[in-house]
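Quick note: the coordinates plus some simple rules give every number you see, no bench work behind them. Just so you know, these numbers come straight off a predicted model, no measurement behind them. Please note: Cβ atoms are built from the backbone with ideal geometry, for glycine as well, and neighbour counts cover all protein chains shown.
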Amino acid sequence: MSESQETLSNLLQETRRFPPPAELAENANVTADAYDEAAADRLAFWEKQARRLSWSREWDQVLDWSNPPFAKWFVGGELNVAYNCVDRHVEAGRGAKVAFHWEGEPGDTRTLTYADLQREVNKAANALLELGVRKGDRVAIYLPMIPELPVSMLACARIGATHSVVFGGFSADALRTRIDDAQAKLVITADGGYRRGKPSALKPTVDEAVEATKSVEHVLVVRRTGEDVVQNGRDVWWHDLVDRQSDQHDAEAHDAEHPLYILYTSGTTGKPKGILHTTGGYLTQVAYTHHAVFDLKPGSDVYWCSADIGWVTGHSYIVYGPLANGATSVMYEGTPDTPHKGRWWEIIQKYKVTIFYTAPTAIRTFMKWGDDIPAQYDLSSLRVLGSVGEPINPEAYVWYRENIGGGHCPVVDTWWQTETGAVMISPLPGVTAGKPGAAMRPLPGIVADVVDDQGNPVPDGGGGFLVLKEPWPSMLRTIWGDDERFVKTYWSRFEDMYFAGDGAKKDDDGDIWLLGRVDDVMLVSGHNISTTEVESALVSHPKVAEAAVVGATDPVTGQAIVAFVIPRGSAGEEVEGDEFARELRDHVARSLGPIAKPRQIMIVPELPKTRSGKIMRRLLKDVAENRSIGDVTTLADSTVMDLISQKLPSAKTED
């Protein structure tokens, strides 16, 4: 984004409003009073939320901000995360309550109560100790979405080992760099997992990664698929070691600032950034936000977050937040279209899920597949829907609300990051009249703003950079082993403000809309235009299921807008003609103004996405600028770029 361009153009207008259902509002966990309470005394507010947890020793100081940007929260306090997530619920007489309904992709199931979870975590903790893992050691976890994954994380937390979960889709080299950076002593993996109806091996990737590392002493292997695996001298089978352990283990309290986990954010190129989260502040905020944003009622709700635990969403809102709150959760191993495209809705129907949290990428995929698929299932148990991972297009929001939420479920569109640890900006389902596409206001206790290039707050109706102006409990403490990079990456752009690269705007009501990474902003004829807004305008067309937009070099306008569009399944054959491209260009111009009219519309069968669902706009820019296609190894399906390249002759260009 050009330094001379002070604000993002504010183009998209949205007038629809969805007030909370009366019954939900009347019984909401958090009311509008929380905003006033937090504004009056922010630190006292967070102290109150910390007391929702069980502490072995209470803190001496809520926040030490004497050496910014290095924060310490609940200084002197001591607690054990695993005790808070498991043992205290059992001790309170809720051991028979289901913690996880686990569904394997082939259809196998497991149900773990809190008492079951306690036994499994204790046994795993004892197994780690037998392998020589001690407090302060690092453990790399490379597992599919099976119960042993949260069990392993909680076992590490129990003994004070710092875990580093690596997403099971990463390559051997990506795994190796993360092991090396953390100097992990142990790797926990499986023979494989199931993906798209067949076993997908994991152990060979670990073998290749570990062969080139020096710190790993043992590899603990879960048997999941029955694949043949090469046995190395360092390998130990989970069922041989863990199953024979005692199910008793006394949880030791750890300092509030003890490192809980490292999670790496960069892809497979360059030195990965190890985001460090600690114990007390992190657990306080993920527990509170899970309680507040989803209006969780532990006694009656069944909660499902569809993310992979390999990403921060899974850490905070599959494992730590829900378990700290004593929730019953669903955990699913596989993909949404295996063995059929209704699998997720089948699971919601089966377990009577009441709260569902997923990504806009998934929602737009379901739109593409058609309304008739979810209509075949009973989704009436749902009462709150959530969105995470990227800005949600208004039309995707409305489709989600109508087709999945039955037209009555509030949609909480949450903004947060690996670095923030927990939700920062979101509607409150019992308070906020939702606007399709808007993240709305910072949560109580969070101080966020949109600023211009000089760090000054933009007026309502203006756009700029999203910043956080005050420390928050679940904030990253540093980049593992690299304090200098931490300061430079997040705290150097604006004085005394955290900035991680997202553009945003305030609408006329002062509510916040996320506009994606500032790296994705296009400078067209002197106007900064967000890819998110143009994509939203395209998706609002009834024949469009999904769109991705990039800026391509243009000799006249500096950059020109190039759009890649996936039609809805119901759109018919007319989407292939020049007339459809013209129709879409005119639709964008009517929605956002002539300045945002795409130069080109390319109709494509699919978009290049990573395994986490992120669109790889870099590759689309290669196509738009007629360059050779860059590295595709991080894509979920590398053949997508071949399909797009085959469609190039049908690219529609304005005369």
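As a proxy for reagent exposure, Ile629, Ile188 were ordered by neighbouring Cβ count within 10 angstrom, fewest first; the result is Ile629, Ile188. Per residue, the chain reaches -7000 deg cm²/dmol at 222 nm when only DSSP H runs of four or more residues are counted, each adding -39500 (n - 2.57).
Quick check: residue separation of Ala44 and Glu23 times 0.36 nm, minus the Cα distance between them. What number comes out in nm?
Stretched out fully, the Ala44 to Glu23 stretch lengthens by 4.6 nm.
Counted residue by residue at 0.36 nm each, then reduced by the alpha carbon distance between them, the extension gain from Val447 to Gln231 reaches 72.5 nm. Which of the aspartates and glutamates could be linked to Lys97 by a straight reach, that is with a Cα gap under 16 Å, when you skip same-chain ones fewer than 8 residues away? Candidates past the 8-residue exclusion: Asp87, Asp116, Glu120, Asp301.
Averaging Cα coordinates gives a centre for segment 13-41 and one for segment 58-92; these two points are 28 Å apart.
The separation of segment 388-438 from segment 286-336, counted between C-alpha centres, amounts to 16 Å. Bridgeable aspartates and glutamates around Lys368 (alpha carbons under 12 Å apart, same-chain partners fewer than 8 residues away excluded): Glu546, Glu606.
Using the number of other C-beta atoms within 10 angstrom as an exposure proxy, rank Leu53, Leu263 with the fewest first. Before the final figure, lay out each step's value.
On the way: Leu53 20, Leu263 26.
Going from sparsest to densest Cβ surroundings: Leu53, Leu263.
Does segment 415-539 classify as rounded, prolate or oblate by the C-alpha gyration tensor (a ≥ b ≥ c root eigenvalues; a/c under 1.5 gives rounded; else a/b over b/c gives prolate, otherwise oblate)?
Details: a/c = 1.76, a/b = 1.22, b/c = 1.44.
Oblate, since a/c reaches 1.5 and b/c is not below a/b.
Going by average Cβ neighbours within 10 Å, how do the peptides 285-297, 533-545, 242-254 rank, with the highest at the top? List each step's numbers first, then the result.
On the way: 285-297: 25.7, 533-545: 23.9, 242-254: 16.0.
With the highest mean Cβ count within 10 Å placed first, the list reads 285-297, 533-545, 242-254.
Only one of the values [x] 0.95; [y] 1.46; [z] 1.01 was calculated from this structure for Rg/Rh (Cα atoms, Kirkwood Rh); name its label. Only one listed value fits the structure, namely [x].
Go through Lys203/Lys609; Lys203/Lys273; Lys271/Lys609; Lys297/Lys435; Lys48/Lys352 and tell me which ones have a Cα-Cα distance over 29 Å in this structure.
Values: Lys203/Lys609 24 Å; Lys203/Lys273 24 Å; Lys271/Lys609 22 Å; Lys297/Lys435 25 Å; Lys48/Lys352 32 Å.
Violating the 29 Å limit, Cα to Cα: Lys48/Lys352.
Per-residue extension of 0.36 nm, minus the Cα-Cα distance of His340 and Asp508, leaves a gain of 56.1 nm for this segment.
At R0 = 60 Å, how high is the FRET efficiency between Arg57 and Ile629 if r is their beta carbon distance? Nearest 0.05 is fine. For R0 = 60 Å, the calculated efficiency reads 0.60.
What's the magnitude of the charge dipole for the chain around its Cα centre, counting Lys and Arg as +1 and Asp and Glu as -1 at the beta-carbon? Answer in Debye, nearest 20. Could you put the intermediate results ahead of the total?
Values: 67 positive and 92 negative charges, 168 e Å.
That gives a dipole near 800 debye.
Can you compute the modelled spin-label distance between Glu208 and Asp250, with each label point 7 Å from Cα toward Cβ, in nm? So the label points at Glu208 and Asp250 sit 4.6 nm apart. What shape does segment 227-349 take by its C-alpha gyration tensor, where a ≥ b ≥ c are the square roots of the eigenvalues and a/c under 1.5 counts as rounded, a/b above b/c as prolate, and the rest as oblate? Taking the square roots of the gyration eigenvalues as a ≥ b ≥ c, segment 227-349 is rounded. On the basis of the beta-carbon distance and an R0 of 25 Å, Leu523 and Glu484 show a calculated FRET efficiency of 0.20.
Placing dummy labels 7 Å off each Cα toward the beta-carbon, the span from Ala172 to Lys135 is 3.8 nm.
Quick one: go through segment 65-80 and flag any residue whose amide nitrogen is under 16 Å from the point 7 Å out along the Cα-to-Cβ line of Glu495. Output list for this probe position: 68-69.
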